[in-house]
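Read through the structure below, which is laid out as structure tokens, and then see the notes.
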Amino acid sequence: MATTTASTTEYDRFGPWIDQVRTPQDVPRLYRDHAIDLDSARLVLKVPRNITRRDATPDMDLYDHLLVLDATRLTVLSRRTTGEQHATPRPAATTCGTSRARTSPRSTTWSTCSTAR
């Protein structure tokens, strides 16, 4: 019964806007199995699917991406589906970390990204 309540709450709050995640209940159900440390994250945003509200249903995964920014990394969880029409979507994670090198009075910053499926 809790799953129905959670999906209904997610559906009730869904709209065509990027929304900040502040509590574990705000994390879209598709991404809840991924370890997200909300206490150490500077910012967590959920990006909705490009669908109209009237076409959304409580049983749908309503968010395409979850962006998690902490002190050194940006992790992007993205909804993806297999080639099957009715396949269950699974998130793919892309993590980008920032490194700084000080070889002169100027520092150099670069990002590295890796994708886990």
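Among the protein heavy atoms of segment 16-68, carbon and sulfur supply 49% of the accessible surface, probe 1.4 Å, non-protein parts ignored.
Here the calculated FRET efficiency for TYR11 and ARG80, from their Cβ-Cβ distance with R0 = 30 Å, stands at 0.90, rounded to the nearest 0.05.
Treating each Cα of segment 14-84 as an identical point scatterer and summing with the Debye formula, the log10 of I(q)/I(0) at q = 0.13, 0.16, 0.20 Å⁻¹ comes to -0.38, -0.56, -0.84.
The values are calculated or read from the model by the stated rules, or taken from the named source; none is laboratory data. Treat the numbers as computed from the prediction; the structure is a model and nothing was measured. FYI the Cβ positions are ideal-geometry reconstructions off the backbone, even for glycines, and counts take in every protein chain you see. Calculation scope for accessible area: heavy atoms of the full protein, side chains included, ligands and nucleic acids excluded. Shrake-Rupley method; radii C 1.70, N 1.55, O 1.52, S 1.80 Å.
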